[in-house]
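The values are calculated or read from the model by the stated rules, or taken from the named source; none is laboratory data. No experiment lies behind these values; they were computed from the predicted model shown. FYI the Cβ positions are ideal-geometry reconstructions off the backbone, even for glycines, and counts take in every protein chain you see.
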Protein chains: 2
Amino acid sequence: MKALNLLPPAAVAGLPMAQVDTPALLLDLDAFERNLDRLQAAADAAGVKLRPHGKAHKTPAVALAQIARGAVGICCQKVSEALPFIDAGVADIHISNEIATAPKAALLARAALLARMSVCVDDAAQVALLGEAAREAGSVIGVFVEIDIGHGRCGVSGADAVLRLLESIARFPQLEFRGLQAYHGTLQHLRSLAERRERSAIAAGRAAEVVAALSAAGVRCDTVTGGGSGSAEFDFSSGVFTEIQAGSYAFMDRDYGDNEYGDALRFEHAMFLACSVMSTAAPGHAVVDAGLKSLAVDSGLPGVWQRGHLKYHQASDEHGVVHADGGPLPMLGEQLLLVPGHCDPTINLHDEIVCLRGGVVEAVWPVSSRGLSR
Amino acid sequence: MKALNLLPPAAVAGLPMAQVDTPALLLDLDAFERNLDRLQAAADAAGVKLRPHGKAHKTPAVALAQIARGAVGICCQKVSEALPFIDAGVADIHISNEIATAPKAALLARAALLARMSVCVDDAAQVALLGEAAREAGSVIGVFVEIDIGHGRCGVSGADAVLRLLESIARFPQLEFRGLQAYHGTLQHLRSLAERRERSAIAAGRAAEVVAALSAAGVRCDTVTGGGSGSAEFDFSSGVFTEIQAGSYAFMDRDYGDNEYGDALRFEHAMFLACSVMSTAAPGHAVVDAGLKSLAVDSGLPGVWQRGHLKYHQASDEHGVVHADGGPLPMLGEQLLLVPGHCDPTINLHDEIVCLRGGVVEAVWPVSSRGLSR
C-alpha cells in the first residue's frame, strides 16, 4: 500500500468550510467574481484592454474566468509558467520579462507555435537570441521593448535606446515589434492615494514622452502595456496605456488592502489561508499550523480575518503564533482564516485552491503553474 | 501537442553546471556528504542518536543518505509530509509537532500501519484524538510530551504537567509513551558561539530538571529528542538529549553560515540557487531571474557565492537586483550561484534538486514532500 494514497483530497465539493483540512488556500468565489467584474467594467468604460497577470495566480481556471469577462489574454513572468495556460486554452500570452539564455528562447519559440506569444527586450543580445530561436522553430515571436518609467529595474531609458533596439528587431523577420512595456512596481504599494495618483501620472508621463518621440520618428506603438492593481484607475485614464497588467486585484492581499483607496477603484479580500489551532499549552498565545511553507512573508505577516483582536505574530516553517488583544484566544482545533501578506508568492506555495461559495466548497482548482519559474 | 511537454527536464546527468537552466536548486554532493559524515561522526562519538529533520529537505534521497550513515530515522513537521518518506522506505518517523484535528489524527493512525510513527502532545484533547484514531485504525502511535525549555511556542512547562498528560495517555492502550521532546529554535540562530553555548546549557538544564522529576515519580524517559544544527555540539554533550533533530546542517544556508562557530562543529555551504542575469540595461545593477518564487527571504536575502563584491540587493516575484562593490557587474546571460537565506522554505519552493559532483550533474532528486503541509 502506498502511504501517499492515504492522503485525502484537499477538499471535495459540498464540504462546509469548517471541515476543510488545514492549511488550505481558500477562494471566496463571490468576492473573487465581483473583483473580476469590477476591474473589467472599469477597463471597458475606459476603452483600455485588460491583460491580467498570471504570475499572481498560476491557475488556468482563474485566467479563463478573466478571459470570459473580456480580458484579451494574460501575462506570465516566465516562459515555463505560460505552458499550463496554453494547455488550458489561453491563446495569447505576453511574457512581461526579459530572457537572456538560449534554452529559454528556444522554449518560447516552440511555445509560439501553439499560442500567440510575446516577450520583453532591453538589449540587442536578447533580440538576437529570440530571432535565432524563432527562425529555428519556424515561429513568430512578438517583441515589446521595455522602458524604465521610474521603477529602476529592467528596461531602457528614452526613445533613442528604443530606436536602436528596433533596428536589431528589424533584422529578424520572425520577430514582430508590438509596442512598449512600461511598468512601475513600487508605486503600486504606496499607501497614500494622492501619492499613488501623483507618481502614476509621472510614470505615465515618461511613457508618453517616449511614445511621442517614437511617433515623431515614424514609429507607431500599437500597444503600451503595464500598470497594476494599485494604480489601475490612474493607468486607465492616463491616455498612454492601452493594456493593463493587474494581477492581485482578483484576490487582494493584506499588503494591497493596507493601501488607502478613497474614491479609487478598490477590491475585496477574496483569498484566505485556512489554518487550525494546534497548541494552546503556553499562556498568552495560541499556535496555528500555518507558517512559512503556507504563507509568504516578504510583504509582512498575514492579517486574521474578521477577528480584529487576534494578531498573527510570528512565523516559523510550519507554525504561527497568534496573540489576542482585548478578547479571548482561539481554542485548540479551531479554524482561523488568514489574509496573506502577499498573494503571488503565497499561491506559489500551494498545489490547489479550494473554492467556496456561501461557506461551502464548490470546486478545487489546480495551481498548474506552481513552481514553474524557468 | 501539449505545451508542458515542451519543457525539458531541469537537468540530465553529465550536464556541466553552467548549462543547467535557471533558476535551479543545486546540491554540491561532495560538500553535502562531508556535512552528513561530520555530524554522524560527532553523534557516534557522543553516543547520541541522530534523527535528522525531513522538513529541511522534504527529499527522500536525502533521508536515505542520512539513514545509510547511521541516522535512526527522521523527523517530519506534518503528517502528510511523512508519507513520501514512508514510500521511499524510511521506517521510523517522528512528527515533531502537535496535531489537534481529527482528519490529521486519522491520517497519522493509518500511516502508523506502514511505519513506526510518533507525534508530540501538549494537551489532553490531542491525546484523546490520537487514542481514538489509533483504536479506529488498529495501529500503535508513539507519543512524546513536548516540554517548553525556553523557546516559548508549544509544549507544557514542568514535570507535573507531563505527569497529567501521562495519565491521559495511559487511558489509550494504543498510545505508547516514548519520552520527551524539548526543542529551542531561536537559540540556534544566536550569532555568538559563547551565547549559543550558554543558552543551550540553560535549555538542556530545564529538560534535565523535568527528566529528574519524572524519574523521582517513577517515570523513565527513554528518549529525549530535540536540538538543532546551531546547538548540536552542545546538545551532544548535554547529557540529557538522547536524539538530535538537526536539519540544516546538510546544506548550510546563509543564515546559519552567519553564526560564529569558533572551535564548534561547523558545516559547509552545499546548496545553491543557480540564476542567470536577464537584464543589464540599467546603469549600476544587473537583474537576475530568481526572486521570491525561487528563494525564501524570511531570514534575509541570499549571499552571492564566491563573488564577494556582488550583493543580491532586492527580491521581487521573479527578479533579483544585484549590485557590485569594487568590481564588475556580471554580464547578460551569466550564471550566478546564490546561497539561500533559509534552506527549509527555499527547498519547499522547488520540485527538484539538481545534484552535482565536480561541477557536473550526477542526479536529479525529486523533492517529494514539497507542499505537503497538512
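Which ones in the stretch B:121-158 are hydroxyl-bearing (Ser, Thr, Tyr) and either within 10 Å of another protein chain (Cβ to nearest Cβ) or crowded, with 21+ Cβ neighbours inside 10 Å (or both)?
The one that is hydroxyl-bearing (Ser, Thr, Tyr) and either within 10 Å of another protein chain (Cβ to nearest Cβ) or crowded, with 21+ Cβ neighbours inside 10 Å (or both): B:Ser157.
When you look at A:Ser118, is it within 12 Å of chain B (Cβ to nearest Cβ), among the hydroxyl-bearing types (Ser, Thr, Tyr) and either within 26 Å of A:His184 (Cβ to Cβ) or part of a helix (DSSP H, G or I) (or both), yes or no?
no
Tally time: how many residues in the stretch A:280-329 are among the small types (Gly, Ala, Ser), assigned to a loop (DSSP other than H, G, I, E, B) and more than 10 Å from chain B (Cβ to nearest Cβ)?
Residues meeting the conditions: 4.
Just to be sure, is B:Leu310 at pLDDT 95 or above and under 21 Å from the mean Cα position of the chain (by Cα)?
no
Does A:Lys293 meet the test of being surrounded by 23 or more Cβ atoms within 10 Å (Cβ to Cβ), of a type in the set (D, E, K, R) and out of contact with any Cys (no Cβ under 6 Å at 6 or more places or on another chain)?
Yes: the conditions hold for A:Lys293.
Can you say whether B:Ala207 is over 20 Å from the mean Cα position of the chain (by Cα), modelled with pLDDT of 95 or more and closer than 16 Å to B:Gly228 by Cα, as far as the supplied structure shows?
When the stated conditions are applied, B:Ala207 passes them.
It is to be established whether one or more residues within the stretch A:67-74 are assigned to a helix (DSSP H, G or I) and either surrounded by 19 or more Cβ atoms within 10 Å (Cβ to Cβ) or of a type in the set (Asp, Glu) (or both).
Looking for residues that are assigned to a helix (DSSP H, G or I) and either surrounded by 19 or more Cβ atoms within 10 Å (Cβ to Cβ) or of a type in the set (Asp, Glu) (or both), one finds at least one in the stretch A:67-74, hence yes.
Being modelled with pLDDT of 95 or more and under 30 Å from A:Arg307 (Cβ atoms) narrows it down to one of A:Leu265, A:Leu273, A:Leu165, so name that one.
None of the other options fit; the residue is A:Leu273.
Pull up the stretch A:245-290, narrow it to residues that are polar (S, T, N, Q) and touching a Ser or Thr at 6+ places or on another chain (Cβ under 8 Å), then point me to the one that is farthest from A:Leu27 (Cα to Cα).
A:Gln245
The rows are residues; the columns are (1) surrounded by 22 or more Cβ atoms within 10 Å (Cβ to Cβ); (2) closer than 23 Å to A:Ala43 by Cα.
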residue	(1), (2)
A:Val162	yes, no
A:Glu176	no, no
A:Arg197	no, yes
A:Arg220	no, yes
A:Gly239	no, yes
A:Tyr256	yes, yes
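Being in contact (Cβ under 8 Å) with a residue 12 or more places away in the chain and either farther than 17 Å from B:Phe267 by Cα or facing another protein chain (nearest Cβ under 8 Å) (or both) is the requirement here; does B:His94 meet it?
yes
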